[in-house]
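One structure is given below, encoded as structure tokens.
The values are calculated or read from the model by the stated rules, or taken from the named source; none is laboratory data. For clarity, every value in this text was computed on a predicted model and none was experimentally measured. Cβ sites come from the backbone with ideal geometry, for glycine too, and all protein chains shown count toward neighbours.
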Amino acid sequence: MSRIFLLDDNTPFSLSETLSCGQVFRWHEENGWWQGVCQGRLIRIRQIGNRLEYSGCDETFLVYYFHLDADLNSILDSVNKDEYINAAIEKHRGLRIIRQDPWECLLTYICAQNANIPFIERMLSNMSEMSGEVIKTESGTAHAYPTSEKLSLVCETDVSGCSTGYRSSYICSTAYEIFSDKMWADKIYKADYESARKEIMRYKGIGRKVADCILLFGFQKYESFPVDRWVDRIMHKYYGVGDSEKPLSGGEYEKIRKFGQEYFGRYAGYAQEYLFADR
């Protein structure tokens, strides 16, 4: 049974921009309907103007997950510093940063290293089918993300059978550590950005970019400013920082990341997402 949520004039939201910008990988669109798996739910949703029609979750979860309780206009005003970001905002207004589950986000971005979108989707789907609980709804059946407990109990050989390659050891090691520490997410939530970044980079296979993605999408550290080759090029072209002709070294990464945070402020992650969407 579908539910209806009406967006008011002060709540700009674009479902398609939000779900297609590269922050989540288990959502797919068909005939105007998006269907995705998150936090043990299989959600089906479409947008027609200011009307959201959805099933698979309640309104509280919908608002939380899609960050609809945030004043997006104020956030965008705070980062709208120049003509380049202004153009991106005008073109993609309504893109919101999803509040992902910390563990699901961490697992996603370990898989996302050196991988394209179809490959990331395949790894996540394979692991979910191997160890995730079955979700049954009126709109279909899917497998939830595997919990850290489930993945901590399977061997690297099983995980590598999910096409994860060299990431298998990272996944197994990190799953075990997280399952063994029930307060891991609370500690990161409560820490300031720099401390949280150091904490999350302790886990095997998590470097600068992966940590910054996890902090932005999984822990709502909106000052986080992940840098990949696209962001490197954008920041060099428009802001004269970094060198897109050279490999992105650790030092260059930090230079670009810190510039983005200082220039755009506490919502630098939103600026990054809009610039990335407009690449």
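Would you pick out the residues in the stretch 180-198 that are of a type outside the set (A, V, I, L, M) and assigned to a helix (DSSP H, G or I)?
Residues satisfying the conditions are 180, 184, 186, 187, 189, 190, 193, 194, 195, 197, 198.
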Check: Out of curiosity, is residue 97 touching a residue at least 24 places away in the same chain (Cβ under 8 Å), surrounded by fewer than 16 Cβ atoms within 10 Å (Cβ to Cβ) and within 30 Å of residue 179 (Cα to Cα)?
Finding: no
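Does residue 249 satisfy being farther than 18 Å from residue 276 by Cα, of a type in the set (S, T, N, Q) and at pLDDT below 95? It would help to see each step written out before you state the result.
Numbers: farther than 18 Å from residue 276 by Cα: yes; of a type in the set (S, T, N, Q): yes; at pLDDT below 95: yes.
Criteria met by residue 249.
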Next item on the list: Say whether the condition of being surrounded by fewer than 16 Cβ atoms within 10 Å (Cβ to Cβ) and in a helix (DSSP H, G or I) is met by at least one residue in the stretch 209-225.
Entry: no
Margin query: For the stretch 148-157, which positions are over 17 Å from residue 113 (Cβ atoms) and either among the basic types (Lys, Arg) or surrounded by fewer than 16 Cβ atoms within 10 Å (Cβ to Cβ) (or both)?
Written below: 149, 150, 153, 155, 157
Next item on the list: Confirm whether residue 137 is out of contact with any helix residue (DSSP H, G or I) (no Cβ under 9 Å at 6 or more places or on another chain), outside the structural domain of residue 257 (by TED's automatic domain parsing) and surrounded by 14 or more Cβ atoms within 10 Å (Cβ to Cβ).
Entry: yes
